[in-house]
Amino acid sequence: MPATLLAAHRVEKPWGRRRLRAPFDDSPASGEPTGEIWFHTPGDSAPDLLIKYIFTSEKLSVQVHPDDARAHARGLARGKDECWLILDAEPGAAIALGTKAPVGEAVLRDAALDGRIEQLLDWKPVRTGDFFYVPSGTVHAIGAGLTLIEVQQNSETTYRLYDYGRPRELHLDDGIAAADARPYERYPSPGRVDAGRALLVEGPKFVLERLGGGARTLELPDAVTAWLVPVAGKGLVDGVAFEAGECLALTGSVQLAAEPDADLLLAYPGEKRCR
């Protein structure tokens with residue numbers, strides 16, 4: 001089937017929230033806060049990309065992800081490049097991306113052990129609509145008071161360097177080896193394709209496009225799956241209805257029709273843009 005509506009799966013996190021952004025229902029009072037909502041493809045497949053919503057009430061750990069080479073050396077399928085589109089940001093919300101200055105391994109280890117790593121990080125104020133591409137090896141931490149969409153390589157290999165005293169495992173040896181502890185370089189926007197279509201990321205791990213409303217045909221290469229993420233608005237894709245807060249997997253050639261004010265993300269692996 002060219003278009004498949006994916007199932008949503010809630011993930012409880014200590015830094016998550018009970019009150020979520022519409023259209024998602026709030027977390028039940030009897031459980032832990034919801035930190036993430038994942039979208040799963042049917043069956044036992046392990047697709048190249050993973051789409052998440054993230055909801056924060058506290059800072060996430062200071063962490064780093066391995067690149068493909070380090071992941072392969074550990075027998076893992078892939079590393080983890082990721083990107084974030086900020087949907088909501090409370091006043092004062094911030095994200096740490098990279099370090100203020102280059103930091104050596106010994107200094108990084110000592111700072112992770114005594115908590116000074118927070119002061120070494122470059123905390124950037126964020127607001128609704130901001131977009132960040134985060135290559136593997138980037139030392140980072142998502143702050144409190146944020147709702148965002150994350151598009152990532154499908155890997156949950158996370159090395160925690162510091163967790164504010166929470167009783168969770170740290171991974172200093174692996175994390176410091178994987179870390180490229182230097183100032184963050186903002187990913188250059190590839191630019192607009194046409195009036196209703198813009199590139200946010202152009203490879204090498206994946207392509208991310210932002211689509212406006214209206215009707216269009218999307219032509220995906222053979223054996224390539226794309227993910228359509230409605231940020232706002234409703235529509236149909238090959239007869240399957242969608243609305244904000246959902247996610248669809250697409251293959252082959254599909255007919256897309258969305259409300260005029262719709263805001264859509266289209267993600268797929270590789271670096272070649274689909275037609």
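With the structure loaded, tell me whether LEU148 is surrounded by 13 or more Cβ atoms within 10 Å (Cβ to Cβ) and in a strand (DSSP E or B) or whether it fails that test.
yes
Quick check on my filter: what residues within region 233-262 are more than 23 Å from the chain's Cα centre (by Cα), over 25 Å from ILE54 (Cβ atoms) and in a strand (DSSP E or B)?
LEU236, VAL240, ALA241, SER253, VAL254, GLN255, LEU256, ALA257
Would you check which residues across region 177-214 are over 27 Å from ALA262 (Cβ atoms) and in a strand (DSSP E or B) and list them?
Result: PRO183, single match.
I'm trying to understand the selection: among the residues of region 1-35, which are hydrophobic (A, V, I, L, M, F, W, C), out of contact with any Pro (no Cβ under 9 Å at 6 or more places or on another chain) and either surrounded by 16 or more Cβ atoms within 10 Å (Cβ to Cβ) or under 27 Å from SER45 (Cβ atoms) (or both)?
The answer is MET1, ALA3, LEU5, ALA8, VAL11, LEU20, PHE24.
Does at least one position in region 250-267 carry a residue that is within 23 Å of SER136 (Cα to Cα) and in contact with a Leu (Cβ under 6 Å, 6 or more places away or on another chain)? If you could, list the steps in order and put the result at the bottom.
Going residue by residue through region 250-267, those that are within 23 Å of SER136 (Cα to Cα) are 265-267.
Subset that is in contact with a Leu (Cβ under 6 Å, 6 or more places away or on another chain): 266-267.
Yes, that holds for at least one residue.
Test of understanding: among PRO221, PRO230, which residue is in a strand (DSSP E or B), touching a Phe, Trp or Tyr at 6+ places or on another chain (Cβ under 9 Å) and on the phi < 0 side of the Ramachandran plot?
Numbers: PRO221 fails: in a strand (DSSP E or B).
Unique residue meeting the criteria: PRO230.
Taking region 94-108 on its own, how many of its residues are more than 17 Å from the chain's Cα centre (by Cα) and either buried (at least 18 other Cβ atoms within 10 Å of the Cβ) or among the hydroxyl-bearing types (Ser, Thr, Tyr) (or both)?
3
Among the residues of region 37-54, count how many are under 23 Å from ARG168 (Cα atoms) and touching a residue at least 40 places away in the same chain (Cβ under 8 Å).
Of the residues in that region, 3 qualify.
For the condition in contact (Cβ under 8 Å) with a residue 40 or more places away in the chain, more than 14 Å from GLY245 (Cβ to Cβ) and among the polar types (S, T, N, Q), what is the one hit in SER57, SER30?
It is SER57.
Filter region 186-206 down to residues that are loosely packed, with under 13 Cβ neighbours inside 10 Å and closer than 14 Å to PRO135 by Cα and give me whichever is modelled with the lowest pLDDT.
Applying the filter and picking the extreme gives PRO188.
The values are calculated or read from the model by the stated rules, or taken from the named source; none is laboratory data. Model, not experiment: these values are computed from the prediction. Cβ: placed from backbone, ideal geometry, glycine included. Neighbour counts: every protein chain shown.
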